[in-house]
Amino acid sequence: MNFARCLILLVCGLGACGVNNAGLGGGGAGGTGGVGTKGTGGGASATGGNTGGKKADGTGGRASAGAPGSGGSAGQAGGAAGRGPGGAGAATPEPCAGGMTYTYIVRSLATMGPVIITGGGTTRDIFGFDLDGRDSDGTQAEDCGVADAVSLDGRRGIDNTVAGLWSEDLAPAFQPGLMDGNVTSTIRLSGVDSFTDDSCVDVTWSTEFPQFRRAKIEGGRLIADGSSPIPLQGKAIPLNASSPVAIVLPLSSPRISFRPAADALRGGMVGGSVTVDELVTLYRTVFGALADGLALGLLHPDLPAEGRPCTLLSAGFAFEATTGSAPAN
């Protein structure tokens, strides 16, 4: 049962309101593929340069395990140093030198895959990453009452507590805007020398400055942790309105993965955290005063923040991005 239906039942009682719920419902568009295994060690933010025309990793290299950042959670094996609010306090790394720049347009964004009918019923893939380094079953205090998902390709510990709400309530709003050109979200790769193995690539999602600096492509896949939020953009028609409005949800402490090529980013996945206030504000834009009941048991924060457990909401999305012009309006 999606958010709109839940709140209508809470506020109005069964069948007591004639609220126009047209256009909600429906699952999100299916994403593509899974992600490779995480790289070993937390990413050090050392500054590299060009040596004889070849990009160097710079001093410091990669640590075998992420160290705690100032105000951030302890780094996990395969995770970024100081992941979480506060993050690592190092200076901004230098941009990747040389190479080519490629720009892609995001064509789809979904938290869950399409419904798959099996012999035992139905199932859906849930997209995202293991953001906290734990495979939670919902029984421990630090699980926050939330059991992590298992992806269809067997990855465990997937943190994506907003998947069901988003897929039913907001995917129908985001996806049409991406497809018809009303919303243009771009991903820019800078400093690319190779799509197979490259020691330094900057990745920028719809902003001026890169969120993912000095990322690496290894074995044809890029996976990196970001230093600043990703703006997830869309348009939606508010309840009882006729014209769409722009909606934006910032995805903080982001992690991204994809297989790059000159024409497309394939098998794309992005994950991170959002605050309860940010998600409630987004719902309020679409559903008005009904959204004020969103915190009445419908949201389940499952990630820590600044030493406080169960504070942030985890989110994960599959995406597809290709080169070329945005569709005409």
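Within 10 Å of each residue's Cβ, count the other Cβ atoms and sort 167, 227, 273, 194 from fewest upward.
So the residues, fewest neighbours to most, are 194, 227, 167, 273.
Taking the Cα atoms of the stretch 232-329, report the difference between the largest and smallest coordinate on each principal axis, in whole Å and largest first.
46, 42, 17
Once both labels are modelled 7 Å past Cα along the beta-carbon direction, what's the residue 97-residue 147 spacing in nm?
About 5.3 nm, to one decimal.
Using the Kirkwood radius over Cα pairs, work out the Stokes-Einstein diffusion coefficient for the stretch 275-325 at 10 °C and 1.306 mPa s, in µm²/s as a whole number.
Roughly 122 µm²/s, to the nearest whole number.
For a quick check: sort 274, 115, 150 by the number of other beta carbons within 10 angstrom, fewest at the front.
Ascending Cβ contact count within 10 Å gives the list 115, 150, 274.
Report the GluC sites (Glu not before Pro) located in the stretch 110-209 that are in a DSSP loop and have at most 15 other Cβ atoms inside 10 Å of their Cβ, or state none.
Within the stretch 110-209, the qualifying GluC sites (Glu not before Pro) (loop, at most 15 other Cβ atoms within 10 Å) are 208.
What are the semi-axes of the equivalent ellipsoid for the stretch 155-314, taken as the square roots of 5 times the Cα gyration tensor eigenvalues, largest first, in whole Å?
The three semi-axes for the stretch 155-314 are 30, 20, 13 Å.
Considering all projection directions equally, how large on average is the shadow of the alpha-carbon convex hull of the stretch 249-296, in square nanometres?
Result: 4.7 nm².
Using a 7 Å offset from Cα along Cα-Cβ at residue 218, what residues in the stretch 118-136 end up with backbone N under 20 Å from the label point?
129-134
No lab work stands behind these numbers, since they all come straight from the coordinates. Just so we're clear, the structure is a prediction, and the values are computed from it rather than from any experiment. Please note: Cβ atoms are built from the backbone with ideal geometry, for glycine as well, and neighbour counts cover all protein chains shown.
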